[in-house]
Amino acid sequence: MRIVLGVGGGIAAYKVASLLRLFTEAGHKVTVIPTEAATRFVGIATWEALSGNPVSNSVFDDVEKVNHVRLGHEADLIVVAPATADLLAKAATGQAGDLLTNTLLMAHGPVLFAPAMHTEMWQHAATQANVETLRSRGVTVLEPASGRLTGADSGPGRLPEPEAIFAAAMALAEAAAGGEEKALPAAHTSLAGRIVTISAGGTREALDPVRFLGNRSSGKQGAALAAAALAAGATVRFLAAHMDVQPPAGVELVRVESALDLREAALKAAVDSDVVIMAAAVADFRPAEVSDTKIKKVDGEDAPLVRLVRNPDILHELVERRNAQGSQQLIVGFAAETGDAQGDVLEHATAKLKRKGCDLLVVNQVGIGRVFGQDDNSVVILSGHGAEPQSAAGSKADVAAAVVDRVGAELTRVFPAL
């Protein structure tokens, strides 16, 4: 694969040398284009040595090759790291003052920006507007990592680790190639520019400062959904309860603990979302009282009784609010079911779909050693609009791709004006 690696003028440029090594060791041909400011942090000789290719940032070098046009045309993928506030602004406004910005304007393949800057710069309204502009055009802009910055400050603004950028870049390239080879353009085009909120993982309901009521959800399916939506061009807000896996790079991450935390985050995130996918395993009940101190065993006393109260039905509340506002928002629920004497999995799921009122309900049969924590899944997608049930099985990435593809089709079919 032919990769253009743009390097911005930030202190994090030194980390990009490791990213370059990851690309070249994976067998990709990499052309590095540092900005003039970037060469103040890492010299051209370093980039040439690590890439094995000549490096320039001027449109006047090798003029006969017309590099300012050719490089963008030929690149299968363009990655910019660190993407400074200045670079994001230039890309969003279409400036072409050097070789890198010219190449970005000529890009024919996917483009990924990995931002790095001070927290206030990242959170500034101008930067956020530029990021939104780029994402609306189908460009992938990762969320910066949080942590220690150049000085004593900490916060969001750190360059994601090279391994995370590499994984996001490979997923983006694979999705772009797969759209041609696997006939999945519907999802890719229909989610471009969309805002998709996805919840994942299992909520934990505190009993005391040490113990909680929880469930077996690993968050793997929700993480796969987020990755599939990102690859389809969406801006993804990811509401993460307890998870055994890391959220994919590039999501707008919100951490939650309990069902009440998730309710607050979901109602806020859904306000301007085009799609809401509630894949989290939300506890139906929580302890009525939470002890401020650890509950201890006392000799001669019975075990304490735990009284439970119902948690709010977040999915139903989202549907009711959507309906009351008359908005064209697609809402997808997940149902982890087990059969019992009252009915089988699909009978329970069909009844749940009717109660919840969502547009799609993704159903799977759960149990010990099945679905939760596993790498594979098998689901049935039920429609609230009368369409035939759809089955999907395979890895959780395969299932996520099927769900995202169906979401894209539903947006086009049911909400054509969205």
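Dipole check for the chain: with +1 at the C-beta of Lys and Arg, -1 at the C-beta of Asp and Glu, and the Cα centre as origin, the magnitude is about 280 Debye. Each of Leu159, Leu260 was scored by other Cβ atoms within 10 Å of its Cβ. Listed from fewest to most, they are Leu260, Leu159. For the range 272-311 versus the range 345-359, the spacing of their alpha-carbon centroids is 25 Å. For Val141, the shell of other residues with beta-carbons less than 13 Å away shows a net charge of -1, using +1 for Lys and Arg and -1 for Asp and Glu.
Looking at the chain alone, DSSP beta bridges between its own residues are antiparallel in about 35 percent of cases. Based on C-alpha pairs under 8 angstrom that are at least 6 apart in sequence, the range 184-413 has a relative contact order of 22 percent. Given q = 0.10, 0.21 Å⁻¹, what are the Debye log10 I(q)/I(0) values for the range 37-153, with equal point scatterers placed on the Cα positions and solvent ignored? Log-scaled intensity ratios, in q order: -0.33, -1.30.
Contact order, relative form, for the range 2-177: 23 percent (alpha carbon pairs under 8 Å, 6 or more residues apart, mean separation divided by residue count).
The DSSP beta bridges internal to the range 254-393 are antiparallel in roughly 55% of cases. What are the membrane-span-like helices in the chain by this rule: whole DSSP H runs, Cα extent along the axis at least 18 Å, mean Kyte-Doolittle hydropathy at least 0.0? Within the chain the helices that satisfy the rule are 13-25, 162-181, 396-413. Taking the fewest neighbouring Cβ atoms within 10 Å as the starting point, the ordered list for Met106, Met117 is Met106, Met117.
Each reported figure results from applying straightforward, stated rules to the coordinates on display, with no laboratory input. Model, not experiment: these values are computed from the prediction. Glycine also receives a Cβ, built like all others from the backbone with ideal geometry; neighbour counts cover every protein chain displayed.
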